[in-house]
1. Kindly state which strands (runs of 3 or more DSSP E) lie completely within region 82-183 and contain at least 1 residues that are surrounded by fewer than 20 Cβ atoms within 10 Å (Cβ to Cβ) and not aliphatic (A, V, I, L, M).
2. Consider S13 carefully, then state whether it is over 17 Å from the mean Cα position of the chain (by Cα), small (G, A, S) and either surrounded by fewer than 18 Cβ atoms within 10 Å (Cβ to Cβ) or within 13 Å of R80 (Cβ to Cβ) (or both).
3. Based on this model, can you work out whether A37 counts as in a helix (DSSP H, G or I) and either among the small types (G, A, S) or surrounded by fewer than 18 Cβ atoms within 10 Å (Cβ to Cβ) (or both)?
4. Restricting to region 125-158, name every residue that is of a type in the set (G, A, S) and touching a residue at least 60 places away in the same chain (Cβ under 8 Å).
5. Looking only at region 16-50, which residues are within 14 Å of the chain's Cα centre (by Cα) and on the phi > 0 side of the Ramachandran plot?
6. Just a yes or no: is a residue in region 56-68 on the phi < 0 side of the Ramachandran plot, buried (at least 20 other Cβ atoms within 10 Å of the Cβ), touching an Asp or Glu at 6+ places or on another chain (Cβ under 8 Å) and part of a strand (DSSP E or B)?
7. Among all residue pairs at least 6 apart or on different chains, which show Cβ distances below 9 Å where the first residue, located in region 159-183, is on the phi > 0 side of the Ramachandran plot and the second is of a type in the set (A, V, I, L, M, F, W, C)?
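What follows draws every value from the coordinates through simple rules; no lab data is involved. The shown structure was predicted, so the numbers you read here are calculated from the model rather than taken from an experiment. Neighbour counts are summed over all protein chains in view; Cβ atoms, including those assigned to glycine, are modelled from backbone coordinates with ideal geometry.
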Amino acid sequence: MEFFCYHRDRSGSVPLREQLLEEHWAYMDRYVKEMIARGPTFASDGETPSGSVHIIDLPDPAAARAFAFDEPNHQAGVYRDVLLRRWHNTLGRTMWDFAGGRTGGNRYLVLGLGSGQAADADVPPDRDELIAYGPLLSDDGATWLGTAALVRAPDPATARALLPPDRYADIEVHDWQFGGRRS
């Protein structure tokens, strides 16, 4: 089962986040084989961390909750909240398979939150700029709750246009970059 996990930073938590960086990476190293995508989001200044995205393949919702809530930054109070949802890897690949690589161009997390009839179940036509894409689902996978995408785009407005606004209650766009240890 695939899960989308977005830890949102608490205001003023950057020093604690920096202090726990090695512990965070060591924790994530335990899940390297299950990881579909990962990386930090940033505030509008493009430099201040604002959250941490992890898309991961785990056995069940209980394992996903353990992954999200046992994470060292969460345990220490870096994060103010966690969005954890079942997810479906519509592209069938990991971020490391993205032809655009880990650098070059602006990257964004686009979250469309909604309810009711599923929107955007099919992959958008400009698939080459998608790093990860799929629906957010209830724990049992039966109810559509939105869409989460990682995308390369020239600017936030172009990234936002990936999801039609009339199909969602809210659309969020966050600066994002490939995560993990730098080799």
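1. On the way: elements: 106-113, 130-137, 144-153, 170-176.
Because the criterion is at least 1 residues that are surrounded by fewer than 20 Cβ atoms within 10 Å (Cβ to Cβ) and not aliphatic (A, V, I, L, M), the strands (runs of 3 or more DSSP E) in region 82-183 that meet it are 106-113, 144-153, 170-176.
2. On the way: over 17 Å from the mean Cα position of the chain (by Cα): yes; small (G, A, S): yes; either surrounded by fewer than 18 Cβ atoms within 10 Å (Cβ to Cβ) or within 13 Å of R80 (Cβ to Cβ) (or both): yes.
The answer is yes for S13.
3. Details: in a helix (DSSP H, G or I): no; either among the small types (G, A, S) or surrounded by fewer than 18 Cβ atoms within 10 Å (Cβ to Cβ) (or both): yes.
Answer is no for this residue.
4. Narrowing region 125-158 to residues of a type in the set (G, A, S): 132, 134, 138, 141-142, 146, 148-149, 153, 157.
Within region 125-158, A132, G134, G141, G146, A148 qualify.
5. Passing the criteria: only G39.
6. Checked region 56-68: at least one residue is on the phi < 0 side of the Ramachandran plot, buried (at least 20 other Cβ atoms within 10 Å of the Cβ), touching an Asp or Glu at 6+ places or on another chain (Cβ under 8 Å) and part of a strand (DSSP E or B).
7. Once the first residue is on the phi > 0 side of the Ramachandran plot and sits in region 159-183, its partners that are of a type in the set (A, V, I, L, M, F, W, C) give G180/W25; G180/M28; G180/V32; G180/M35.
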